[in-house]
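Quick notes on the structure that follows.
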Amino acid sequence: MSTSFGYLLKLPKFEHFEAKEILEACLLLSKYGERAKLIAGGTDLLVSMKKREVIPEYLIDIKGIRDLSYIQYQRGVLRIGAVTPLNDIEGFPIIQERFPILASACHQIGTPQIRNLGTIGGNLCNASPSADTAPALIGLGAKAKIMGLKGERTISLEEFFVGPGQSALQDSEILTEIIVPELPGLSRGEYLKLPARTTIDIAVVGVAVIVTFDPKDNKIGDIKIVLGAVAPTPVRAHKAEKIIIGKTVEGQLIEKAAQVAAEEARPISDIRGSAKYRREMVKVLTQRAIKQVVRI
């Protein structure tokens with residue numbers, strides 16, 4: 001059953017379907033192809049539709065699919081359904097205790113009202129280079145479970161992002177779950193974001209740093225530095241990571257790694273900031289995040 005009610009919010013006219021199961025949503029996607037969009041919270045999609053940036057003929061509502069909204073933690077693995085609201089993730093005790101960088105990233109998205117509506121899947125599937133949850137999740141080694149008419153597959157979240165507004169989702173496929181492995185015991189992380197004007201603005205630069213310490217001598221056993229909003233997709237700063245791994249971290253080493261991270265960024269200039277400014281802020285935020293994580 002479909003209903004046309006695009007007039008309610010001065011949106012383009014569209015047909016609306018409420019999918020009750022994942023398979024039903026996949027079938028609808030397969031039927032309508034590029035003329036259809038999935039919607040759950042709608043915090044980004046409806047704004048884009050009002051601006052006429054996208055004009056789908058069909059909206060497939062997946063918010064009511066119970067199999068897509070949950071948070072589970074078992075045997076060191078966190079599983080989050082794709083339509084789980086960001087506020088639920090931020091406030092979940094296990095996430096606050098064992099994955100605090102993810103809770104922090106969720107908290108930095110919009111207002112409480114937006115986080116009540118917005119979902120983790122929406123934040124990722126928009127494939128925006130500035131998606132706040134992406135750097136933290138990539139640093140955590142998260143994977144994306146995807147389901148379509150041809151079956152189910154799981155890929156690393158790093159592979160999920162293909163380009164600005166482009167994900168690895170293929171025809172009829174839906175992101176169903178985010179899988180996050182727990183880090184080793186001596187690990188800490190930090191996500192820092194530079195907004196344009198206020199804390200509710202989208203990121204001009206985002207930096208996630210996750211460090212695992214070597215239990216033998218407290219040197220850096222491993223580090224992940226993930227940059228957001230400074231390349232076509234969220235990116236790892238691999239060269240900067242190599243500078244620090246296996247070392248005892250001190251000021252000059254941090255400064256060198258931060259400079260290399262800035263050089264690895266591929267920012268553009270737009271209304272929110274110039275490429276030069278963004279690159280400099282990568283250096284500043286990387287340096288600050290590492291210092292906060294290693295506590296010096």
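Descriptive notes on the structure:
- Value in Å of the Kirkwood radius, where the chain supplies the Cα pairs that are averaged: 19.8
- Compactness index (Cα Rg / 2.2 N^0.38 Å), segment 171-292: 1.14
- When segment 16-133 is reduced to its Cα atoms, the Kirkwood hydrodynamic radius in Å: 15.0
- When C26, C106 are sorted by how many other C-beta atoms sit within 10 angstrom of their C-beta, beginning with the fewest, the order is C26, C106.
- Residues Y191, Y58, Y70, arranged from fewest to most other Cβ atoms within 10 angstrom of their Cβ, appear as Y70, Y58, Y191.
- Volume in Å³ per residue [convex hull over Cα atoms, computed for segment 76-155]: 97
- Percent breakdown of C-alpha pair distances by 10 Å bin, ordered from the shortest bin, for segment 147-208: 16, 32, 33, 18, 1
- In order along segment 46-61, the Karplus-derived 3J(HN,Hα) couplings, from 6.51 cos²θ - 1.76 cosθ + 1.60 at θ = phi - 60°, round to 5, 5, 4, 5, 4, 7, 6, 6, 10, 10, x, 7, 9, 10, 10, 7 Hz, and Gly and Pro are given as x.
- For the chain, the relative contact order works out to 14 percent when only alpha carbon pairs closer than 8 Å and six or more residues apart are counted.
- Segment 66-74 - phi-based ³J(HN,Hα) in whole Hz, Karplus 6.51/-1.76/1.60, Gly and Pro as x: 4, 5, 10, 10, 5, 10, 10, 9, 8
- Rg then Dmax, both in Å and based on the Cα atoms of segment 3-61: 10.9, 31.
- Mean separation of Cα pairs under 8 Å and 6 or more residues apart, divided by the residue count, gives segment 66-181 a relative contact order of 27 percent.
- Protection proxy ranking, peptides 228-238, 180-190, 126-136, average beta carbon neighbours within 10 Å, highest first: 126-136, 228-238, 180-190
- Alpha-carbon gyration tensor eigenvalues x 5, square-rooted, for segment 99-230, Å: 25, 21, 13
Just so you know, all these numbers are worked out from the coordinates, no wet-lab data involved. Note that the structure is predicted; figures quoted are calculated from it, not measured. Methodologically, a virtual Cβ is constructed for each residue, glycine included, from the backbone with ideal geometry; neighbour enumeration extends over all protein chains shown.
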